[in-house]
Amino acid sequence: MSRRGAIAAGALLTGALLTFAGVLMDLYRLEVALPEYQGFRLTPWQVHYRPPIDPSSDPHTPQWGYPMVLAGVLAVVAALLLFRSPRFVAVGRFAAVASAGLLVGTTWSAHATVTTLFGRENLPPSSSATLGSGMWTLTAACLVLLVGAALAQDWPPRAPEPTGVSVYRVDGDDDDTPPFGIAIPTTALDVPEVADRAAGAADGDGSGVADRGAERHPPTGGNPSTVEH
């Protein structure tokens, strides 16, 4: 396992521990200076009123704790799978992304619900509302899980950038020209024998054809200086 994978597994386990700790803490606290009602504290599981009331009288209890715990379990599973074979590592990467996404979505839902229902405009003047330690702990868990999920992914390596002068060469079977010039023959050209039909006809016995056929005629218009002998 690479060093990056070990760091990703450590971040996922740390995020899972923060998640399990956050679901046991208060998300929101409301203090009211009234004789008959002093406020409440909100957890991911239920609302605790002061003074206590019958839980059956308030059926609208929050249920954020279940997806938060599931996100922590997925983070632990993802961290363990990163130490297994490549096939399990691929599953662990997916579980890491699912864990971070589930916790971020649930935490944001809890925060948006609390701030909407118990905003400053909806509270009496003699009240004070604060975010609990659980909300801050879950926010930190979201950040750690996002880092762990990003490090767990197998990003493609970046190609090294070339340094200096780049030389591009085109390979071809029909290209025999040197890179800095034009090909010049260095050996004698094989020129086919040319029969002087007119001279052969004049000699009659064909001897003129043999004598003149032995001559080499350069392909440069009769200039023998351009051909090496």
Can you figure out the FRET efficiency of Ala90 with Leu17, using R₀ = 35 Å and their beta-carbon distance, to the nearest 0.05? 0.90
Keeping all protein chains in position, work out how much accessible area Arg4 exposes to a 1.4 Å probe, and write it in Å² to the nearest 10. 100 Å²
Which of the peptides 138-147, 71-80, 23-32 is most tightly packed, and how do the rest follow, judged by the mean count of other Cβ atoms within 10 Å per residue? 71-80, 138-147, 23-32
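The values are calculated or read from the model by the stated rules, or taken from the named source; none is laboratory data. Being a predicted model, the structure only gives us computed values, none of them experimental. As a convention, Cβ positions derive from the backbone with ideal geometry for all residues, glycine included, and neighbour counts pool all protein chains shown. SASA here: full protein model, heavy atoms, side chains in, ligands and nucleic acids out. Shrake-Rupley method; radii C 1.70, N 1.55, O 1.52, S 1.80 Å.
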